[in-house]
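Chemist: Have a look at this one.
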Amino acid sequence: MPELGKLALAIALLLAIYSIVANIYGARRNAPDFVASARHAIWAMCAMVTIAVVTLWTALMRSDFSLEYVAAYSSTTLPTVYKITSLWGGQQGSLLFWTWLLSIFTSIAAFQNRRRNPEIAPYALAVMAAVAIFFLGMLNFVTRPFDLLATIPREGSDLNPLLQNYWMAIHPPSLYTGYVSSTVPFAFGAAALITGKLDDAWIRTTRRWAIFSWFFLTLGNMFGARWAYEVLGWGGYWAWDPVENAAFMPWLVMTAYLHSVMIQERKDMLKVWNLALIGLAFGLTLFGTFITRSGVISSVHSFTQSGLGPYFLTFLIVVTLSYTALLIFRSKDLRSPAEFESYLSREAAFLFNNLVLVGIAFAVFWGTIFPVLSEAVRGVKITVGPPFFNKVNAPLGLVLLFLTGVGPVIAWRRASAKNLRRSFLVPTGLGLVGGVILFVIGYRHYYAVVSFSLCIFVVATIVAEFYRGIRARQAMVGENPLTALTHLISKNRRRYGGYIIHIGIVMMFLAITGTSAFKEEKQITLKPGESFQMGGYTLRYDGVTSSETPHVAYLRASVAVLDGGRQIDTMLPEKRFYKKPEQPTTEVAIRSTLGADLYLVLGSYDEPTKMATIQAYVNPLISFLWWGGIVLALGTGVTIWPTRVRAPAPAYAPGAREVAE
């Protein structure tokens, strides 16, 4: 089986090389047969990588410890679900998984463009194959997943206990999907630069790919935040860890890109900016992979064994310089005669939105790499912690929240006084009234009051847009409100799906504001039967029980939650002691309501005295973070769902026919 995996990866590398040659030759010589052959090679490459993945998965499921990777990241007692997730639990397996996703997306792009975009598709597929060659080269020659051990151990070292959590079963695949799928719009952007086909055809071709990438980057960050919230036991969900930052930066840049391409599509502007953004988004995905595997930055998420850092850094530099050179070479052709007519316009609001998003990304990037730069220049590593990121990004985040309400509803070209009054008078008034009410009832946290006021403003602008649309449909066709809403969304999925996404973003801002400004925490050591007050509840510690399996031992505290003397819940925070490797982990207990989470951690336990240390947190409004993610997912689904449009009837056939967009 290992030999089969090695052979499959070797053949995949050869097929990727051939596909580049055939695509470029076929495109330059106008030879369709070579282009078709290149497509077939890409599909065959995907099949070979799939065989390698299935081979490694089979070895993991069978606990084949003759493979170094299986011995390092699995064991006979590891639950089956985590044997499956072990594929991306280590360095070699995660790179194989990355390459598999890349081969799948490249194959899909090849299939989608088999009869369209004949001028740029071959070059785009060649770019994607070139990226695949790098990863296949790593798998074949540098970090091989099918290396054998000289002596076969009787038992494996097991998967890192921190990764034995259901969120880690979906967090890395989601994040990798977002990372890897960004290759498709990047490749088509590069192909447009190579061929000189610089209109917005490449944007239309890859629009859904860009949204798809952004969506899975969003999911990856959300699932990672939930994992940190439940597993690390510190009461929070985001610590500005370097690898968290590496996942956040591409999301920021891709968000900017999705807004700015609308200006190019409508006004034929920002061509250079859009191509730069998609190149930057792809480069940041490589940067994130580099810092995860280079060992230059310490993180709970990173792979401790190094060796890949120089290769990834070289590849990142080559990609960045090559793409930048193409952009400079085509800069004259990318100039547009169109100009901004007014700062009070939708295109100006989107541009400001872009500048803020890229500004946040730059601040995060600088804070992430500054410790490395300081150590390289001065020999002293200066740590950049959450206070820096919060201080810089909090005001930028509030500006971004404001623009979330302004951008989608202000008029294109130039907003008139009438348009401004119609769109913003009521929402602005509601936001100001909300802020005054919060201040009067005792809220004195400046950022929180401003953030909550802006949330009211943004929601009011979105609700007003839905209301005006529904009223217009009722006036035109006499539909009831629910039918009018359904048809309103279905006729313009991109616009109203975007509004739904913005509602999800507002909900996330509510959660971030609530937990940042009003979080409570307490640590207390108790004997069985003793109580303490927290978040309006009385918490009574009733003792600790223990249990054990061949894989892990459990120590579980029982804490009764009382409200007004009546017990309403029993919370069970626990410690887990994994046997391979011997490592304790925390399993928190969470009682979640819409208003706040009660979050308990078992800190320590003294067996002779039966005393336990309980860490308790109250996280206000945090449930809006997770519900906001659900709303955001709904909005994304609305946005990318194909719209049926009526195509012109061909001359030889009467009537029209419907085709999918």
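The values are calculated or read from the model by the stated rules, or taken from the named source; none is laboratory data. These numbers were taken from a predicted model, which means no experiment stands behind them. FYI the Cβ positions are ideal-geometry reconstructions off the backbone, even for glycines, and counts take in every protein chain you see.
Chemist: Could you tell me whether Val127 is in the same structural domain as Ala27 (by TED's automatic domain parsing), closer than 19 Å to Thr183 by Cβ and either at pLDDT 95 or above or surrounded by fewer than 22 Cβ atoms within 10 Å (Cβ to Cβ) (or both)? Write out each step before concluding.
Modeler: On the way: in the same structural domain as Ala27 (by TED's automatic domain parsing): yes; closer than 19 Å to Thr183 by Cβ: yes; either at pLDDT 95 or above or surrounded by fewer than 22 Cβ atoms within 10 Å (Cβ to Cβ) (or both): yes.
Spelling it out, Val127 is indeed in the same structural domain as Ala27 (by TED's automatic domain parsing), closer than 19 Å to Thr183 by Cβ and either at pLDDT 95 or above or surrounded by fewer than 22 Cβ atoms within 10 Å (Cβ to Cβ) (or both).
Chemist: State whether the residues of segment 483-499 include one that is in contact with a Ser or Thr (Cβ under 6 Å, 6 or more places away or on another chain), in contact (Cβ under 8 Å) with a residue 60 or more places away in the chain, buried (at least 16 other Cβ atoms within 10 Å of the Cβ) and of a type in the set (D, E, K, R).
Modeler: The answer is yes, given that some residue of segment 483-499 is in contact with a Ser or Thr (Cβ under 6 Å, 6 or more places away or on another chain), in contact (Cβ under 8 Å) with a residue 60 or more places away in the chain, buried (at least 16 other Cβ atoms within 10 Å of the Cβ) and of a type in the set (D, E, K, R).
Chemist: Can you tell me which of Asp64, Asp33 is surrounded by 17 or more Cβ atoms within 10 Å (Cβ to Cβ) and acidic (Asp, Glu)?
Modeler: On the way: Asp33 fails: surrounded by 17 or more Cβ atoms within 10 Å (Cβ to Cβ).
It is Asp64.
Chemist: Looking at the structure I just gave you, is Lys332 touching a Pro at 6+ places or on another chain (Cβ under 6 Å), at pLDDT below 95 and not polar (S, T, N, Q)?
Modeler: no
Chemist: Restricting attention to segment 252-265, and to residues there that are in contact with a Phe, Trp or Tyr (Cβ under 7 Å, 6 or more places away or on another chain) and not aliphatic (A, V, I, L, M), which single residue is surrounded by the fewest Cβ atoms within 10 Å (Cβ to Cβ)?
Modeler: Step one: filter segment 252-265 for residues in contact with a Phe, Trp or Tyr (Cβ under 7 Å, 6 or more places away or on another chain), giving 254-255, 258-260, 262-263.
Restricting the remaining residues to those that are not aliphatic (A, V, I, L, M) gives 255, 259-260.
Working: Thr255: 24, His259: 20, Ser260: 24.
Among those residues, the one meeting the criterion is His259.
Chemist: To continue, here is another question. Search segment 465-480 for residues being exposed (fewer than 13 other Cβ atoms within 10 Å of the Cβ) and farther than 24 Å from Phe424 by Cβ, and hand back the single one that is nearest to the chain's Cα centre (by Cα).
Modeler: Asn480
Chemist: For segment 2-52, name all the residues that are under 15 Å from Asn113 (Cβ atoms) and basic (Lys, Arg).
Modeler: Passing the criteria: only Arg39.
Chemist: Which is in a helix (DSSP H, G or I) and either assigned by TED's automatic domain parsing to the domain that holds Thr585 or touching a Ser or Thr at 6+ places or on another chain (Cβ under 6 Å) (or both), of Ala246, Ala276, Ala281? Give the steps one after another, and end with the answer.
Modeler: Working: Ala246 fails: either assigned by TED's automatic domain parsing to the domain that holds Thr585 or touching a Ser or Thr at 6+ places or on another chain (Cβ under 6 Å) (or both); Ala276 fails: either assigned by TED's automatic domain parsing to the domain that holds Thr585 or touching a Ser or Thr at 6+ places or on another chain (Cβ under 6 Å) (or both).
Criteria check complete, one pass: Ala281.
Chemist: Does Val618 satisfy being touching a helix residue (DSSP H, G or I) at 6+ places or on another chain (Cβ under 6 Å) and either at pLDDT 75 or above or among the acidic types (Asp, Glu) (or both)? Spell out how you get there, then give the answer.
Modeler: Values: touching a helix residue (DSSP H, G or I) at 6+ places or on another chain (Cβ under 6 Å): no; either at pLDDT 75 or above or among the acidic types (Asp, Glu) (or both): yes.
So Val618 fails the test.
Chemist: Which ones in segment 153-196 are in a loop (DSSP other than H, G, I, E, B), more than 28 Å from Lys575 (Cα to Cα) and touching a helix residue (DSSP H, G or I) at 6+ places or on another chain (Cβ under 8 Å)?
Modeler: Hits for segment 153-196 are Pro153, Ser182.
Chemist: Then there is this: Is there a residue in segment 67-78 that is buried (at least 24 other Cβ atoms within 10 Å of the Cβ), assigned to a helix (DSSP H, G or I), in the same structural domain as Ala47 (by TED's automatic domain parsing) and within 22 Å of the chain's Cα centre (by Cα)?
Modeler: No, segment 67-78 has no match at all.
Chemist: Within segment 324-344, can you find the residues that are farther than 19 Å from Asp199 by Cβ and in a helix (DSSP H, G or I)? Don't jump to the end; show me each part of the working.
Modeler: Step one: list which residues in segment 324-344 are farther than 19 Å from Asp199 by Cβ, which gives 324-325, 328, 340-344.
Those that are farther than 19 Å from Asp199 by Cβ and in a helix (DSSP H, G or I): Thr324, Ala325, Ile328.
Chemist: Can you name the number of the only condition in (1) within 23 Å of Pro161 (Cβ to Cβ); (2) surrounded by fewer than 17 Cβ atoms within 10 Å (Cβ to Cβ); (3) at pLDDT 90 or above; (4) not charged (D, E, K, R) that Leu602 fails?
Modeler: Only one criterion in (1) within 23 Å of Pro161 (Cβ to Cβ); (2) surrounded by fewer than 17 Cβ atoms within 10 Å (Cβ to Cβ); (3) at pLDDT 90 or above; (4) not charged (D, E, K, R) is unmet by Leu602, namely (2).
Chemist: Follow-up. Please state which of the following conditions Glu119 fails to meet, knowing it meets all the rest: (1) surrounded by fewer than 17 Cβ atoms within 10 Å (Cβ to Cβ); (2) not assigned by TED's automatic domain parsing to the domain that holds Tyr82.
Modeler: (2)
Chemist: Restricted to segment 340-379, and to residues that are acidic (Asp, Glu) and touching a residue at least 12 places away in the same chain (Cβ under 8 Å), which residue is farthest from Val127 (Cα to Cα)?
Modeler: The selected residue is Glu341.
Chemist: Additional query: What's the total number of residues in segment 319-328 that are exposed (fewer than 12 other Cβ atoms within 10 Å of the Cβ) and within 14 Å of Phe282 (Cα to Cα)? Before you say what the answer is, go through the steps one by one.
Modeler: Initial filter on segment 319-328 (exposed (fewer than 12 other Cβ atoms within 10 Å of the Cβ)): 321, 325, 328.
Now restrict to residues that are within 14 Å of Phe282 (Cα to Cα): 321.
Going through segment 319-328 one residue at a time, the tally reaches 1.
Chemist: Within 19 Å of Tyr166 (Cα to Cα), over 27 Å from the mean Cα position of the chain (by Cα), in a helix (DSSP H, G or I) and assigned by TED's automatic domain parsing to the domain that holds Leu4: is that true of Leu87 in this structure?
Modeler: Working: within 19 Å of Tyr166 (Cα to Cα): yes; over 27 Å from the mean Cα position of the chain (by Cα): no; in a helix (DSSP H, G or I): yes; assigned by TED's automatic domain parsing to the domain that holds Leu4: yes.
Judged against the criteria, Leu87 is not a match.
Chemist: Evaluate segment 564-574: report whether one residue or more is more than 32 Å from the chain's Cα centre (by Cα), small (Gly, Ala, Ser) and within 30 Å of Tyr73 (Cβ to Cβ). Lay out the reasoning, then the answer.
Modeler: The first filter runs over segment 564-574 and keeps only residues more than 32 Å from the chain's Cα centre (by Cα), leaving 564-570.
From what's left, small (Gly, Ala, Ser): 564-565.
Now narrow it down to the ones that are within 30 Å of Tyr73 (Cβ to Cβ): none.
Scanning segment 564-574, I find no residue that is more than 32 Å from the chain's Cα centre (by Cα), small (Gly, Ala, Ser) and within 30 Å of Tyr73 (Cβ to Cβ), so the answer is no.
Chemist: Now for a different question. Report yes if some residue within segment 498-514 is in a helix (DSSP H, G or I) and farther than 30 Å from Arg208 by Cβ; otherwise report no.
Modeler: Taking segment 498-514 as the starting set, the residues that turn out to be in a helix (DSSP H, G or I) are 498-514.
Checking the rest, the ones that are also farther than 30 Å from Arg208 by Cβ come to 513-514.
Among the residues of segment 498-514, at least one is in a helix (DSSP H, G or I) and farther than 30 Å from Arg208 by Cβ, which makes the answer yes.
Chemist: Follow-up. I want to confirm something. Restricting to segment 145-203 and keeping residues that are of a type in the set (Val, Ile, Thr) and in contact (Cβ under 8 Å) with a residue 60 or more places away in the chain, which single residue is farthest from Val552 (Cα to Cα)?
Modeler: Only one residue fits best here, namely Thr195.
Chemist: Now a separate question. Among all residue pairs at least 6 apart or on different chains, which show Cβ distances below 6 Å where the first residue, located in segment 569-590, is assigned to a strand (DSSP E or B) and the second is of a type in the set (Gly, Ala, Ser)?
Modeler: Thr570/Ala560; Met571/Ala589; Phe577/Ala553; Thr586/Gly233
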